[in-house]
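Colleague: Encoded as C-alpha cells, here's the structure I'll be asking about.
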Amino acid sequence: MANNIAEKRRQQEEDDDEEDGDLDGWGERNYADERSWEALQEDESGLLRPLDNKAMYHAQYRRRLRSLSTASNSQRIQKGLIRFLYIVLDLSRAASVMDFRPSRMAVVAKNVEAFIREFFDQNPLSQIALVIIKDGVAYSLTELGGSPESHVKALMAKLECSGDSSLQNALELVHEYLDQIPSYGNREVLILYSALTTCDPGDIMETIQKCKKSKMRCSVIGLSAEMFICKHLCQETGGLYSVALDESHFKELIMEHAPPPPAIAEFAIANLIKMGFPQRAAEGSISICSCHKECKVGEGYICPRCKARVCELPTECRICGLTLVSSPHLARSYHHLFPITPFDEVTPSRQNEPHRRSQKTCFGCQQGLVNPGNKPSLHVACPKCKQYFCLDCDIYIHESLHNCPGCESLRAS
C-alpha cells in the first residue's frame, strides 16, 4: 500500500512538472509571437503575406538621407567634427517598467551600446561620457574618453533601477563638466528619459537658461510620454525632442544623433587647433600611464610634447593638455565635409531604356538585380557615374564606405 501511494505521488509530481514545462513553453512562444499581426500585409489579390522589412527599412533610410541632403544643400552648414557628448541615462524605478520588452532599462542599455560604437565610428575625433540618474541624484559613470569598450563595460556593470529621477541634478552635473570644454568643441547632451516626473531641489528653469548660456545642445528621447519640461529644454538649447513608440523606433531615434549636428553660429568660425600625433610605445617598455595612474608594459602612446604615456586615442594629455590624435582619425572625419550625393531610385521606365537593359547586376557586390520570374528588384543609380547598386550596397556606401565605387573607378581610369 505504501509503495502504491509513493508511486501515485511521484506520478502526480511528474505530471505537474510537465504542465509547468508546457506553460513555460507557451509563455516563450507568446513572448516571441506577440503583435505578430503587425508583420503581415494584404497584397493586391487580398491575401496576407509577410511585410518586406528590407524595402521598408530602405525607404525610411532614403527619406532620412534626402532630408539631410536637402537641408545641407539649401544653405552652407558647418558641422562640428570635435564633439563632447554626455549621455544621461534615467535609471530610476520608471526604467524597470516592462512596456518595452524585457524592460526599458534593458532596451536602453542594448541600444546605447550600439550607439556608442556607431558614434565613434562616425566621429573619431569626439569623446563621450556617461551619467546616470537614480534615487534623485545624478552620478558620473565615466569621464570623457574615446574608448567605446571602457564606456560599455562601465555601463553594463551599473544596470540597477531605484528611486526617483531628477532632471535638474543631471543638467547641473553635466553643465559643470561641459562648461570647461574649449570653444572649438561642440557641447552636447543626450538624455534618455524614462520617468514622467522630475524631483528637483531648485528652479529648473534657471538651470536651463544656464545651459543655454553655455551653448550646450540638449536633446531628449522619452520612453513614456511627452513632457513639457523636456520639450522646453530642447527648444531653448536647440536640441531635438522625441518620444519612442517601440524598440525599433527608439533605435532609429538614438542613431539619428550619431552624425555630427550643425555647429552653433557663435562657434562656426575657423579655429586652429594644436594637435599631437603620438608614437606607439615600444614593446616591453615599462612606464606609468597618466590616464589611470597605473604601471603598464608595452601599451599606449607617447605624447610628443611632454613624453607622458596615454592608453588610448583620441584624448587630451593630462600633463600638458595637448590634443592627441592619429592620422586615420583625421582621415575618417573628412567624409562629413563632402558627403556622397543620395542615389536615385531606378523607376520601371528607366529600367526599360535600351542602354540600361544590359546592367543586370549590382556594380558593388555583383549580385543580380532580377528577382525570380525575371522581375526587376528595387535598386538605385548614382547620378554621376550612372552605375546601378542594390539596396544593401546603397546603405553600405553612404553609411560606411563614403565613396562611390563607380565614380572611383572612372577617376582611376
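The values are calculated or read from the model by the stated rules, or taken from the named source; none is laboratory data. None of these values were measured; they are calculated from a predicted model. Reconstructed Cβ throughout: ideal geometry from the backbone, glycine too, with neighbour counts over all protein chains shown. These area figures cover heavy atoms from the full protein model, side chains too; ligands, DNA and RNA do not enter into them. Shrake-Rupley method; radii C 1.70, N 1.55, O 1.52, S 1.80 Å.
Colleague: Return a yes/no flag: does region 109-121 have any residue that is assigned by the TED database to the domain that holds Glu252 and part of a loop (DSSP other than H, G, I, E, B).
Modeller: Scanning region 109-121, I find no residue that is assigned by the TED database to the domain that holds Glu252 and part of a loop (DSSP other than H, G, I, E, B), so the answer is no.
Colleague: Yes or no: region 138-150 includes at least one residue that is in the same structural domain as Ile221 (by the TED database), of a type in the set (Val, Ile, Thr) and touching a residue at least 24 places away in the same chain (Cβ under 8 Å).
Modeller: Among the residues of region 138-150, not one is in the same structural domain as Ile221 (by the TED database), of a type in the set (Val, Ile, Thr) and touching a residue at least 24 places away in the same chain (Cβ under 8 Å), which makes the answer no.
Quick grid of which residues meet (1) out of contact with any Cys (no Cβ under 9 Å at 6 or more places or on another chain); (2) closer than 30 Å to Arg332 by Cα; (3) at pLDDT 95 or above:
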residue	(1), (2), (3)
Arg66	yes, yes, no
Asn73	yes, yes, no
Met98	yes, no, no
Ile132	yes, no, yes
Lys153	yes, yes, no
Ala157	yes, no, no
Ser162	yes, no, no
Ser166	no, no, yes
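Colleague: Can you name the residue in region 204-231 that is touching a residue at least 24 places away in the same chain (Cβ under 8 Å), under 19 Å from Pro262 (Cα atoms) and basic (Lys, Arg) and, of all such residues, is surrounded by the fewest Cβ atoms within 10 Å (Cβ to Cβ)?
Modeller: The qualifying residue surrounded by the fewest Cβ atoms within 10 Å (Cβ to Cβ) is Lys212.
Conditions tested, residue by residue: (1) touching a Pro at 6+ places or on another chain (Cβ under 9 Å); (2) surrounded by fewer than 21 Cβ atoms within 10 Å (Cβ to Cβ).
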position: Tyr86; (1), (2): no, no
position: Ala94; (1), (2): no, yes
position: Met98; (1), (2): no, yes
position: Pro102; (1), (2): no, yes
position: Met105; (1), (2): no, no
position: Val108; (1), (2): no, no
position: Arg117; (1), (2): yes, yes
position: Ala129; (1), (2): no, yes
position: Gly136; (1), (2): yes, yes
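Colleague: What number of residues within region 275-293 satisfy the criterion of being open to solvent by 70 Å² or more (accessible area, probe 1.4 Å), at pLDDT below 80 and touching a strand residue (DSSP E or B) at 6+ places or on another chain (Cβ under 8 Å)?
Modeller: Number of matching residues: 1.
Colleague: Would region 247-265 turn up any residue that is in a loop (DSSP other than H, G, I, E, B), under 30 Å from Ala114 (Cβ atoms), under 26 Å from the mean Cα position of the chain (by Cα) and of a type in the set (Gly, Ala, Ser)?
Modeller: yes
Colleague: Report, by residue number, each residue of region 232-242 that is surrounded by 21 or more Cβ atoms within 10 Å (Cβ to Cβ) and either in a helix (DSSP H, G or I) or in contact with a Pro (Cβ under 6 Å, 6 or more places away or on another chain) (or both).
Modeller: Leu233, Thr237
Colleague: Next question, about the same structure. Among the residues of region 389-413, what is the count of those that are loosely packed, with under 15 Cβ neighbours inside 10 Å, outside any loop (DSSP other than H, G, I, E, B) and over 21 Å from the mean Cα position of the chain (by Cα)?
Modeller: Of the residues in that region, 5 qualify.
Colleague: Which condition does Leu272 not pass, out of (1) open to solvent by 60 Å² or more (accessible area, probe 1.4 Å); (2) under 28 Å from Leu337 (Cα atoms); (3) assigned to a helix (DSSP H, G or I); (4) aliphatic (A, V, I, L, M), if it passes all the others?
Modeller: Among (1) open to solvent by 60 Å² or more (accessible area, probe 1.4 Å); (2) under 28 Å from Leu337 (Cα atoms); (3) assigned to a helix (DSSP H, G or I); (4) aliphatic (A, V, I, L, M), Leu272 violates only (3).
Colleague: Let me ask something else about it. Residues in region 338-361: is at least one open to solvent by 40 Å² or more (accessible area, probe 1.4 Å), closer than 27 Å to Glu118 by Cβ and at pLDDT 90 or above?
Modeller: no
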